[in-house]
Amino acid sequence: MNTPPELNLLPFTDLPMGSRFAERHLDNGARLVAIEVPTARQVRLVAAIGAGALDEPTTHLGLAHLLEHSLFLGSDCHPHPGDFAAWVGAQGGRYNAHTDEAVTDIHLTLPPDTAEAGLERLLDIVVRPQLARNNIAHEINVIEAEFQARLADPALHRQAALSRLYLPAHPAHHNHHGCRRSLGANLDELHKALVHFHASHYRANRLSLVMLGPQPLERQLEQMTTAACSIAGGAERPAERCWRWARPARIQWCLPPGCTAGKPTLELLWPLPVTLTAMQRLAHEQLARALGNGELTTTLQHHAAITELTASLVPDASPSALSLSLTLTPTGQRQVETVLATCQTHLQHLARRLTTVPSPPLASDITQHDLDTWPITLARRLAVSQSALRPPTTEESNIEAIEQLVAWLDSESCRVLEQSPRSTMMNDLVPETRTPFLHYPPSDNTCMSWPLRTPPFVAQRKLLDDDVSPAPGLIEDNDSLVLWWGGGPPAPDAFYGLAWPAPVSGQSERLTLWQQSTLPLRQTIAPRLVMTLGYDVHSDWLWVRGEASRLESCLSQALSGWLSCTSTECAGTDPEAPTASGGLIAQRLLTCLETQPPPVQATDSRILAWVGGTFGAAEALASCQRLMAHLSKASPVPSSKASPPCPLPACGNIATGPTRWLTPQGDDRTLMLQVDAPDDSPTSQALFQMLAQCHDAAFQRELRQRRGLGYVAAVRYREAHGWPRLGYVVQSPHADITTLRDAVCDFLNAHCQALAQLDGTRFAARRASLLAQCGPPEVHSEALSRTWQALRRRKGHLAAWETQRQALADLTPGKLAATAEALVTGALPALWWAHSPSFPGVTDGI
């Protein structure tokens, strides 16, 4: 008999107010979680299996990753490869999957009225995949191409270096991404191993299923129970997660030749027991939080040693460890031993202090709700545990838990991972990835540590009495200031956005310096206040949310940091040849859609502010005037009109359009066609989003599956500071740039208009899915963010999403067809982006 649901009105602060939560265990062992969020526009579905890379046989490393790929190659009810992707795309949804050491998950986002069909299709590919032998042979090529591409990715080499800190006999010592060699040459044996792995692990008692949406809990549970109750149980017992760490050591590593040099980093890792009690985990979360409170950052930045610092407790599905990661300056690289000693001393100081000083309660923290990430994290945790609900409290106190684990955090237990520039001393290589490294014992810790320095102080200001506030709207509009009043509560905090004109040249470098200078401040105020820094062609801007009486102090200190950056000479980057960095090249090209300036820039040179919440209107005006005086200390700011961008021409023939080349990194050829909308109106935004929906699945099927050109083929919608763009991107390990260009042009000529010719029913379905994506905000933080960005672009009002919804409502099939015709005939501005190992050094053609 299935257990009745355990209900909780708000078990986690990560859910918006008014949410409800229910958990149910089925007789077959499946664990279900329903999350009712009344404000959610879409439903999130996640299926997680408690099996991953460490469960695969040593004869077929990468088998779990290959299985994840194979799930999408046809299932019992939907047997054709690509059926799942095509169906999700037709609903206007999106999906992805991920395999790590202990868990594999598949997650998708859909309109709420398709949730039941989505559950059926999700479980069909997870539990009943076809795993056809001929399809698997093709997917091995994709896995191999992915692996070769990732050999230029710093994240892969960092993981390879980290594995040198593990015991050689432990499975984590090996690379589990998979490649043709590691999967084995015998296809019959590989196929049998794949089918056996699925049959052994992809069973109900290893399955967790999470649904988050606006539907009532009871309906969600009924749908999930119906979908999952017939799944067979009897999975093999999970592999025992034994101790993986070798003796304490220090690994120095670098990127192989051919990779762009990465930032020098220093990671300190303190392994923890394989099993942590609830109180021990809480104690170490508090330690990680305290490491990032600004004190250590202030100390290290005072000595010009670091530019970034993050601390965390490594997630559940990975080995338990407390992690401290630093990005070093050249000064820090020369004083690594002192930096290490300072960090280790500070950790011991914090651990002792937490045993005597209770941590502040978490209730008043600013919560940044993330409805996309949260159900995925929950499903993955549930797949390797018994319950999603918080375990019952025990007699063990928080202080006792810290005392029990202090011994695990001494300097002698610390492992160190150091990324450095290339060095001839690194003559060892990780076999699978050819990552250069040097293994040596940890230091003797004889270096003196730097004395701790006091982090920034955020002062309180007595706020003006403001019993009568105006209605939300524009309350000040003069030659120097535009002030929008956002209204008072319901939120129990205040928000403050400030934007001002700034030079367009050197913005990226200026933001980097600004982030570095404000890092101690941002860590000091977190998580009670949150601060975001940003820029675009409209302005540089600053956003703070939290306790009203401290917001102006935060803003003032952040502005001081910005003023110091404007006195630093920032050289602009060359937009014609962006520098490659981590990740797949296709992903970096898609990023160019957002980072390249839009065709038209803002001309309003006034300061803009948006203030509200528990911050009164009269206090907002007085505060803006004080901060304007602060900004006036800056040297005159050049108008953004001084260096206008060059709008892309409507070339008339896409095939012969201009080309920009990415700086070479890796051996893959990658091509992207960027198409700009004629304007940045809500109508153009809606049309380009719908066109991306119509083209994505067909583009992937044509270039990846039918032509076999590569392992990435996608159509994505992006915005460059509000300006709509489409990117048709393909990455290939073997096809040349001309072949890729011809394939993209062939697709557009043959299918662009046909795919956009929608009948009334299909058009209504596409529009409904877009309405779900751009409707009223799902959470309070999203409402604030969307309104602030709309106001900054001088296009919005206090309910900017209403304009977007009206634009969607006014769309017609004829407008969509006309947009597709303009694209294929070259009437829209277009640009090619290309990457090749042999950079041609030209920008006027391929």
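FYI, it's all coordinate maths here, none of it is from the lab. Every value quoted in this text rests on a predicted model; they were computed, and no experiment measured them. With ideal geometry, Cβ positions are generated from the backbone for all residues, glycine too; neighbour counts draw on all protein chains shown.
First check a/c for the chain, with a ≥ b ≥ c the square roots of the eigenvalues of its C-alpha gyration tensor; if it is under 1.5, answer rounded, and if not, answer prolate when a/b is larger than b/c or oblate otherwise.
Details: a/c = 1.24, a/b = 1.03, b/c = 1.20.
Rounded shape, in that the Cα axes give a/c under 1.5.
How much length would be gained if the chain were fully extended between SER413 and GLN460, taking 0.36 nm per residue of separation minus their Cα-Cα distance, in nm to one decimal? The partial results should precede the final answer.
Details: separation 47, 0.36 × 47 = 16.92 nm, distance 4.11 nm.
Length difference between fully extended and current span is 12.8 nm.
Taking every pair of alpha-carbon atoms in region 654-835, what share in percent sits in each 5 Å bin, from 0 to the bin with the longest distance?
1, 8, 16, 19, 17, 14, 11, 9, 4, 1, 0
Want the number for LEU563 to GLU403: 0.36 nm per residue separation, take away the alpha-carbon distance, what's left?
53.1 nm
So for region 6-228, considering every pair of alpha-carbon atoms, how many percent are separated by more than 22 Å?
Numbers: 13609 of 24753 pairs.
That tail contains 55 percent of the Cα-Cα pairs.
Under 8 Å for C-alpha pairs, at least 6 residues apart: give me the relative contact order for region 6-228, rounded to a whole percent.
Computed value for region 6-228: 35 percent relative contact order.
Counting only the backbone N, which residues of region 244-267 are under 13 Å from the spot 7 Å out from the Cα of MET425 toward its beta-carbon?
250-254
When only C-alpha pairs under 8 Å and at least 6 residues apart count, what is the relative contact order of the chain, in percent? Mind dumping the intermediate values first?
Working: 1672 pairs, mean separation 118.9, N = 846.
Computed value for the chain: 14 percent relative contact order.
Treating the beta-carbon of each Lys and Arg as +1 and of each Asp and Glu as -1, no other charges, what is the dipole magnitude of the chain about its Cα centre, to the nearest 20 debye?
Dipole about the Cα centre, nearest 20: 660 debye.
Which distance in Å, rounded to a whole number, links the C-alpha centroids of region 233-275 and region 79-141?
Region 233-275 and region 79-141 have Cα centres separated by 30 Å.
Rounded, prolate or oblate, given the Cα gyration tensor of region 146-302, with a/c below 1.5 counting as rounded?
Working: a/c = 1.94, a/b = 1.25, b/c = 1.56.
Judged from the Cα gyration tensor, region 146-302 comes out oblate (a/c at least 1.5, b/c at or above a/b).
All other residues with a Cβ under 12 Å from the Cβ of MET531 taken together, and with Lys, Arg as +1 and Asp, Glu as -1, what is their net charge?
Details: positive: ARG522, ARG528, ARG545, ARG550; negative: none.
It works out to a net charge of +4.
If packing is taken as the average count of other Cβ atoms within 10 Å, what order do 379-385, 325-331, 806-812 fall into, highest mean first? Walk me through the numbers before you get to the answer.
Numbers: 379-385: 22.3, 325-331: 17.6, 806-812: 14.6.
The most tightly packed comes first, giving 379-385, 325-331, 806-812.
For region 108-191, go through all pairs of different Cα atoms, get the mean of 1/r, take its inverse, and jot down that Kirkwood value in Å. Please report the intermediate quantities before stating the final value.
Numbers: mean 1/r = 0.0626 Å⁻¹.
Kirkwood radius, region 108-191: 16.0 Å.
Where Lys and Arg each count +1 and Asp and Glu each count -1, what net charge lies around LEU828 among other residues with Cβ under 12 Å from its Cβ? Could the numbers behind the result be given before it?
Working: positive: ARG725; negative: ASP676, ASP679, GLU821.
Net local charge, LEU828 excluded: -2.
What is the gain in length, in nm to one decimal, between ALA304 and CYS77 on full extension, counting 0.36 nm per residue of separation less the C-alpha to C-alpha distance? Working shown, then result.
On the way: separation 227, 0.36 × 227 = 81.72 nm, distance 6.06 nm.
That works out to 75.7 nm of additional length.
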